[in-house]
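Written below as structure tokens is the structure these notes are about.
The values are calculated or read from the model by the stated rules, or taken from the named source; none is laboratory data. Predicted model, so just to flag it, every value in this text is computed and none were measured. For neighbour counting, all protein chains shown are included, and Cβ atoms are generated from backbone atoms with ideal geometry for every residue, glycine included. All accessible areas refer to the heavy atoms of the entire protein, side chains included, with ligands and DNA or RNA removed. Shrake-Rupley method; radii C 1.70, N 1.55, O 1.52, S 1.80 Å.
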Amino acid sequence: MRRAALALVAAVSLLALPACAAATATPGSRPAGGTSAPAATGPVNDADVMFLQMMIPHHRQGMAMAGLARTRAVRGEVRTLATAVEATQGDEVRAMTAWLLGWGRPLTVDVRAHEAHGGLHATSPEEITTLGKMTGVEFERRFLNVMIAHQTNAIEMARTEIGTGMNAEVESFARRIDQSRSAQVRQMLGELN
């Protein structure tokens with residue numbers, strides 16, 4: 001039963017990949033991190049840009065924590081989930097980078113720019129450092145708790161984009177993030193129990 005649930009979470013995680021992430025280069029596409037992904041087409045507003053600028057560092061934090069869990073988690077189920085998270089979010093970062101570069105927008109923005117909409121939804125660097133010092137069952141429990149909060153933040157950011165963004169491709173991407181991260185949170189809550 002647990003293996004089936006993990007397979008479902010891994011599959012749903014792959015749904016979050018933008019369709020363009022695996023695409024080959026097309027006219028107007030720009031390389032991003034070794035992968036070509038076409039820029040999102042259609043109108044773009046500041047909410048779309050801000051969402052991607054916030055989500056890229058958020059994903060990088062998730063990838064760092066998942067990288068730790070791939071080798072430190074006790075149970076195979078948690079290691080498998082961490083591997084799926086790391087791979088999916090790496091592909092998503094490449095796609096988001098390509099979109100921002102395609103629009104001629106910076107990849108980052110001053111953290112204070114996020115204050116108007118609740119601040120940057122990130123896990124504290126201290127929390128990640130603490131996690132990096134742990135091993136075994138203690139690590140696994142802390143990882144699951146921190147990652148649940150981290151992915152819940154991703155869900156909140158995605159839902160904000162859905163309500164305020166303009167670009168149809170970025171909104172579709174946000175919907176896939178909402179769906180896949182919600183499935184991951186349910187799985188991790190099950191792993192804690």
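Considering Val74, Val78, the condition of being closer than 25 Å to Glu126 by Cβ and open to solvent by less than 60 Å² (accessible area, probe 1.4 Å) is satisfied by Val78 alone.
The set of residues in the stretch 154-181 being of a type in the set (A, V, I, L, M), open to solvent by 20 Å² or more (accessible area, probe 1.4 Å) and part of a helix (DSSP H, G or I) consists of Ile162, Ala168.
Val49 satisfies every condition listed in (1) at pLDDT 95 or above; (2) open to solvent by 20 Å² or more (accessible area, probe 1.4 Å) except (2). Within the option set Glu171, Glu127, Glu86, being modelled with pLDDT under 95 and closer than 18 Å to His59 by Cβ holds for one residue only, Glu127. Taken residue by residue, the stretch 28-42 has at least one member that is among the β-branched types (Val, Ile, Thr), open to solvent by 50 Å² or more (accessible area, probe 1.4 Å), at pLDDT below 95 and out of contact with any Ser or Thr (no Cβ under 9 Å at 6 or more places or on another chain). Checking Leu17, Leu8 one by one, the residue that is assigned to a helix (DSSP H, G or I) and at pLDDT below 95 is Leu8 and no other.
Per the conditions (1) in contact with a helix residue (DSSP H, G or I) (Cβ under 7 Å, 6 or more places away or on another chain); (2) open to solvent by 20 Å² or more (accessible area, probe 1.4 Å); (3) in contact (Cβ under 8 Å) with a residue 60 or more places away in the chain; (4) of a type in the set (D, E, K, R), the sole criterion not satisfied by Glu140 is (2).
So which of Gln151, Gln184 is surrounded by 16 or more Cβ atoms within 10 Å (Cβ to Cβ), in contact with a Gly (Cβ under 9 Å, 6 or more places away or on another chain), in contact (Cβ under 8 Å) with a residue 12 or more places away in the chain and part of a helix (DSSP H, G or I)?
Result: Gln151 is the single residue among Gln151, Gln184 that is surrounded by 16 or more Cβ atoms within 10 Å (Cβ to Cβ), in contact with a Gly (Cβ under 9 Å, 6 or more places away or on another chain), in contact (Cβ under 8 Å) with a residue 12 or more places away in the chain and part of a helix (DSSP H, G or I).
If you check Ala69, Ala84, Ala64 for being assigned to a helix (DSSP H, G or I), among the small types (Gly, Ala, Ser), in contact with an Asp or Glu (Cβ under 8 Å, 6 or more places away or on another chain) and closer than 21 Å to Gly132 by Cβ, only one passes: Ala69. Check the stretch 116-123 and report whether any residue there is open to solvent by less than 80 Å² (accessible area, probe 1.4 Å) and either modelled with pLDDT of 95 or more or closer than 23 Å to Pro43 by Cβ (or both). The answer is yes; a qualifying residue exists. Every condition in (1) open to solvent by 10 Å² or more (accessible area, probe 1.4 Å); (2) part of a helix (DSSP H, G or I) is met by Ala98 except one, and the failing one is (1).
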